[in-house]
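Values in this text are rule-based calculations from the coordinates and carry no lab data. Treat the numbers as computed from the prediction; the structure is a model and nothing was measured. Cβ sites come from the backbone with ideal geometry, for glycine too, and all protein chains shown count toward neighbours.
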Amino acid sequence: MKLITKFSGLSFSDKRLLLSAVFFLLITRVLLIFFPFRFVRFISKGSSKPRANSRTRTPLAKERIIWAVEAVARHIPFVNNCLAKAMVINLFFRRANYQATLHIGVTRSDARPLDAHAWVESDGRIVTGQWERGFEYHPLAGAERIFL
């Protein structure tokens, strides 16, 4: 009930942004489960172009985009996946004409022989997918061109 009360108190633009985040996170997560990554990459590349009518809308702030995607991911466990979140934030940033680079990296540790992670950088800082101290993910060669 608290979520519904919080949602009803939001502005129209925040409600629309949250619902868009729900839709795109769910679709992205389902596609990542059932289809090859190459197909999901192709689909997201085609829809990441800025909209023609974007000049009539107030551009979304980066912080609001990150807030919406992270809030949805916190409340819907199925979509709380680093790759899905990174792909959706990358998509939203590109649609809002912000520079964004999606990275996919790997690391090795004693606990796991190989661990993969996805994150997005914008203006030289990680905007989503910050990892814990002690881990150092190494970007896969050529992965930064995945969403160009």
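What's the ranking of 11-19, 83-91 by average number of surrounding C-beta atoms within 10 Å, highest first?
Working: 11-19: 13.7, 83-91: 25.3.
Ranked by mean Cβ neighbours within 10 Å, highest first: 83-91, 11-19.
How much length is gained if the chain between residue 33 and residue 116 is pulled fully straight, taking 0.36 nm per residue apart and subtracting their Cα-Cα distance, in nm to one decimal?
Net length gain for the segment: 28.3 nm.
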